[in-house]
1. Could you check L56 against (1) more than 26 Å from F220 (Cα to Cα); (2) open to solvent by less than 10 Å² (accessible area, probe 1.4 Å) and say which number it fails?
2. Among the residues of the stretch 60-90, which ones are modelled with pLDDT of 85 or more, within 16 Å of ligand 1 (Cβ to nearest atom) and part of a loop (DSSP other than H, G, I, E, B)?
3. Just checking, how many residues over the stretch 180-221 are closer than 19 Å to D263 by Cβ, within 16 Å of ligand 2 (Cβ to nearest atom) and open to solvent by 10 Å² or more (accessible area, probe 1.4 Å)?
4. Which ones in the stretch 41-59 are near ligand 2 (Cβ under 9 Å from one of its atoms) and either of a type in the set (S, T, N, Q) or assigned to a helix (DSSP H, G or I) (or both)?
5. For a quick check of your reading of the model, give me the residue pairs whose first member lies in the stretch 208-223 and is in contact (Cβ under 8 Å) with a residue 24 or more places away in the chain, whose second is open to solvent by 30 Å² or more (accessible area, probe 1.4 Å), with beta-carbon atoms closer than 6 Å and at least 6 apart or on different chains.
6. Pairs please, first residue from the stretch 394-418 and buried (at least 19 other Cβ atoms within 10 Å of the Cβ), second anywhere and of a type outside the set (K, R) and outside any helix (DSSP H, G or I), Cβ atoms under 6 Å, 6+ apart in sequence or on different chains.
7. Would it be correct to say that D92 is over 16 Å from I342 (Cβ atoms), more than 16 Å from ligand 2 (Cβ to nearest atom) and surrounded by fewer than 18 Cβ atoms within 10 Å (Cβ to Cβ)?
Amino acid sequence: MKSLEFRNVGFNVKIGTGKDAKYKTILSNINGSIESGELVALIGSSGAGKTTLLNLLSGRILGGTVTGDILFNGEKRDKKTFKRDVAYVEQDDLLFGTLTTKETLMYAADFRLDASEYTKQEKEDRVKDVMRSLRLTKSEDTLIGFEGHKGLSGGERKRVSIGVEIVTDPKMIMLDEPTSGLDSNSSEVIVKLMKSIAVKKDLICISSIHQPSSKIFYTFDKVMLLAPGGVVYFGSTRDVLPYFSSIGFEAPIHENPADFLIDIMTIDYENEENLQNSMDRVDRLKSSWAEYVSENGEIYKSNISAGTSMTSFNPDQSEPKNTEFDGPTEVWKNPWLSELRILTKRSWLRQMRDKSFLYSQAFSCVFGILLIGFTFFKRADGFSDAQNKIGLLFLLVLHNAFPVAMPVVPVLIEERGIMIRERASGSYRMSTFLFSNILTQAPIALASNITSLTAIYYLGKLQFHTGKYFTFIAIYIVVVMNSLGIAFVFSAASPNMRVAAMFTPLFLTVFAIYGGALVNATAVTPILSWIRYLDYMYFSYTAALQNEMKGLVFDCSKNTSGTCYPTGESVVLSFNLNLRTVWESFFICLGMAIFYHILAYAIIRFKTKPKYILV
Ligand SMILES: Nc1ncnc2c1ncn2[C@@H]1O[C@H](COP(=O)(O)OP(=O)(O)O)[C@@H](O)[C@H]1O
Ligand SMILES: [Mg+2]
């Protein structure tokens, strides 16, 4: 018999900063105990604190002040092992749409089960067992589904989310509104499966639930009713209506019990009078429950374990003493290289299944070749020739910046969301996550860009010289790596997709302005001139222009206008782009690309560092 007890649990958050800071109490005085093998429902109106309570119980609270005690098997939760013991199925499903059910579960097993303890076969058996117990075997090869591709049904998807969490054989499972958004039949299936898993595996199981039907309600063994500010009932579902009737709240005969209970617990903000009435009613419910508990003891506790852990609890010692710890401190489940291999394989699988992305990439490559190649196809004379070369080389910098960085940002943001959750259960290291993303994004971007650059080099009639061609390619490869680096930095730093979609092009535009072609490098206002030292476009353009212009002679005799550059060197000079040599600029750019990737690593590490609080 396992148990999770919580004593006088409270949670406060600080709202605002400085002088305006206020403390908001979200939960206070929550008492209860859950035993393994039973299914507990957490019911309360929206905003009552259900999610917060589940976060507290699963140790996933990331801030605020937690008070009280939460005891697992009568003891303080151990930060090393507790994360492994608890499975937490959050409200929104975060799954990769391009993977199948079986793949999703298999990757979860790969990441979460210790490689030294489980063989591949054992992991597969485990996944099969999970699929069987969640009735997912039939859809094991169905894609989860994404926009434009209908995959699993909502109920199946939820069951996959549950499967991902229970594949590690946890000791307790917490679910946040697993039935929200599902039809009554799918909801029933989920709750029944939860019940049978809780019994079969002897799990501690608590689930918040929104508007359960009467049948679902009675599938739960116990229910905790959470009104704003406190518990108003925690005990057997069979006894809940008789209890409320005893304190003067009679449920109408045909009304669904959960609806009735939520009705009486909800604060009604419609008008002043209703507000006052409902607040009085909730206060009455809370005091009736406190009175009932003081008279009858904790009726939610089964008789077997009552007493033992009660005596070990001393209320005088329950002052807030939070122990914070940084994410998963335990040893990793896989060695670094195999972790990288699994992650990279998963990202590639996803990428190759995203056909619309691959086609767009191919289209963009061909379109770039045709448009840019043929724009610069016609041989010009004298000044126009120089102008075209200047234009082409800078255009290629831009062509390897915006179209490279922008499509990567949403992919990285999606990966980041799932990574945060997977890391909350200690799945893998941050470094392998970042490397696997580089190994997935870079090859496609490079393959497509090297192809188009080669074609454009030929069509645009750049100098026919092997050394110059390879230098040209090397320079633009570094441009691609920088653009990817920028995408990594902004998708790591931005709170969401919209912000990332704004800042990434904004910075690229700033870099383009100071890139050397639009504004003369030495004629920039001094207070802004430093920008170019951070600008990979400036250095790559410097390198590319010098590489191409060196040794070039322009035929000024056919020139009709007065101006003409006689040689390539004179072009470079007049644009003041000779401040660094080709290779100096190249290596500066390479350094920048490496810097951006390290910066992205530092940001994402710092930003997503989970600090859990266990009490
Ligand atoms: N970190 C926080 N800062 C400020 N308010 C919070 C925080 N977490 C939760 N709350 C507030 O606490 C209340 C309970 O939230 P929640 O647990 O999500 O409710 P439920 O899941 O029952 O709908 C809500 O009013 C919510 O706005
Ligand atoms: Mg919630």
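1. For L56, the failing item is (1).
2. Answer for the stretch 60-90, where residues must be modelled with pLDDT of 85 or more, within 16 Å of ligand 1 (Cβ to nearest atom) and part of a loop (DSSP other than H, G, I, E, B): just E90.
3. The number of residues fulfilling the criteria is 3.
4. S46, K50, T51, T52, L54
5. Once the first residue is in contact (Cβ under 8 Å) with a residue 24 or more places away in the chain and sits in the stretch 208-223, its partners that are open to solvent by 30 Å² or more (accessible area, probe 1.4 Å) give H210/S180; S213/S184; S214/N256; I216/E188; T219/K195; K222/S236.
6. F394/A517
7. Numbers: over 16 Å from I342 (Cβ atoms): yes; more than 16 Å from ligand 2 (Cβ to nearest atom): no; surrounded by fewer than 18 Cβ atoms within 10 Å (Cβ to Cβ): yes.
Considered against the rule, which asks whether it is over 16 Å from I342 (Cβ atoms), more than 16 Å from ligand 2 (Cβ to nearest atom) and surrounded by fewer than 18 Cβ atoms within 10 Å (Cβ to Cβ), D92 comes out as no.
Rundown of residues vs (1) at pLDDT below 90; (2) part of a helix (DSSP H, G or I), yes/no style:
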site	(1), (2)
V519	yes, no
T522	yes, yes
W530	yes, yes
A543	no, yes
D555	yes, no
N559	yes, no
Y565	yes, no
L577	yes, no
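The values are calculated or read from the model by the stated rules, or taken from the named source; none is laboratory data. If you're wondering where the values come from, they're calculated on a predicted model, not measured in any experiment. As a convention, Cβ positions derive from the backbone with ideal geometry for all residues, glycine included, and neighbour counts pool all protein chains shown. These area figures cover heavy atoms from the full protein model, side chains too; ligands, DNA and RNA do not enter into them. Shrake-Rupley method; radii C 1.70, N 1.55, O 1.52, S 1.80 Å.
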